[in-house]
Amino acid sequence: MMIKIDVGCGTQKKKGFIGIDREKCKGVNIVADITKKQLPYKKSEVDEIFCKSMLEHLDSIDVVMQEFHRVVKPGGRITIITPYWKHPVTHQPFHKLYFGKNSLDMYFRKTNRMAETYPQFKCHNKGYLDYDLNAKFIYRLKWYENFFSWFFPARFVKWEISPIK
């Protein structure tokens with residue numbers, strides 16, 4: 001049986017996933033604060049993690065990335081979606097961190113000079129998501145972040161990664 005978890009799901013748990021959040025609410029199956037305690041899974045036991053709009057509320061993502069690396073099987077998938085730092089709704093008083101497309105690059109071996117310090121992941125895909133505009137194609141362009149993003153800021157940044165073990 002595949003184990004798929006939605007970390008930080010709140011009331012919007014992804015269908016077919018086990019909901020994990022630090023607060024008990026509708027849709028949450030396991031109450032756990034991943035920044036203070038390990039997830040209730042063994043090493044390399046989880047097949048897939050979905051994490052949307054959670055990382056920006058933390059003081060640091062290092063502990064979370066280490067825990068994702070610990071619980072996900074080799075070849076397993078992790079999808080991380082965060083608000084894009086240039087979008088107006090990102091700037092809320094309860095958001096502590098801000099993300100662009102390259103914000104997680106230190107966790108990808110090819111760009112990390114301190115590979116032994118951070119858990120390493122393979123990045124399969126990274127880019128922008130927008131639910132407000134229909135012009136999604138523009139977010140695939142390499143120069144989007146430097147030019148168009150100031151006029152048409154994406155709503156979210158998305159990464160699809162897997163652990164390197």
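Taken together, the values in this text are just the output of simple stated rules run on the coordinates, not laboratory data. Please read all numbers here as calculations on a predicted model, not as lab measurements. Glycine gets a Cβ as well: all are built from the backbone with ideal geometry, and neighbour counts include every protein chain shown.
Go through region 86-107 and give me each residue that's of a type outside the set (S, T, N, Q), touching a residue at least 40 places away in the same chain (Cβ under 8 Å) and closer than 19 Å to Lys126 by Cα.
Matches in region 86-107: Lys86, His87, Leu97, Tyr98, Phe99, Gly100, Lys101, Leu104, Tyr107.
Can you find even one residue in region 88-97 that is surrounded by 19 or more Cβ atoms within 10 Å (Cβ to Cβ) and either among the hydrophobic types (A, V, I, L, M, F, W, C) or touching a helix residue (DSSP H, G or I) at 6+ places or on another chain (Cβ under 6 Å) (or both)?
no
Out of all the residues in region 52-69, is one or more out of contact with any strand residue (DSSP E or B) (no Cβ under 7 Å at 6 or more places or on another chain), touching a residue at least 40 places away in the same chain (Cβ under 8 Å) and polar (S, T, N, Q)?
Looking for residues that are out of contact with any strand residue (DSSP E or B) (no Cβ under 7 Å at 6 or more places or on another chain), touching a residue at least 40 places away in the same chain (Cβ under 8 Å) and polar (S, T, N, Q), one finds at least one in region 52-69, hence yes.
Name the one entry in Ile18, Ile81 that is under 27 Å from Ala154 (Cα atoms) and β-branched (Val, Ile, Thr).
On inspection, the qualifying residue turns out to be Ile81.
Hand me the list of strands (runs of 3 or more DSSP E) wholly inside region 1-84 holding 3 or more residues that are surrounded by fewer than 21 Cβ atoms within 10 Å (Cβ to Cβ).
Output list reads 46-52, 72-83.
On the basis of being of a type in the set (Ser, Thr, Tyr) and more than 15 Å from the chain's Cα centre (by Cα), does Ser44 make the cut?
So Ser44 passes the test.
Could you tell me whether region 21-29 includes any residue that is closer than 20 Å to Gln66 by Cα and of a type in the set (A, V, I, L, M, F, W, C)?
No; the residues of region 21-29 include none that is closer than 20 Å to Gln66 by Cα and of a type in the set (A, V, I, L, M, F, W, C).
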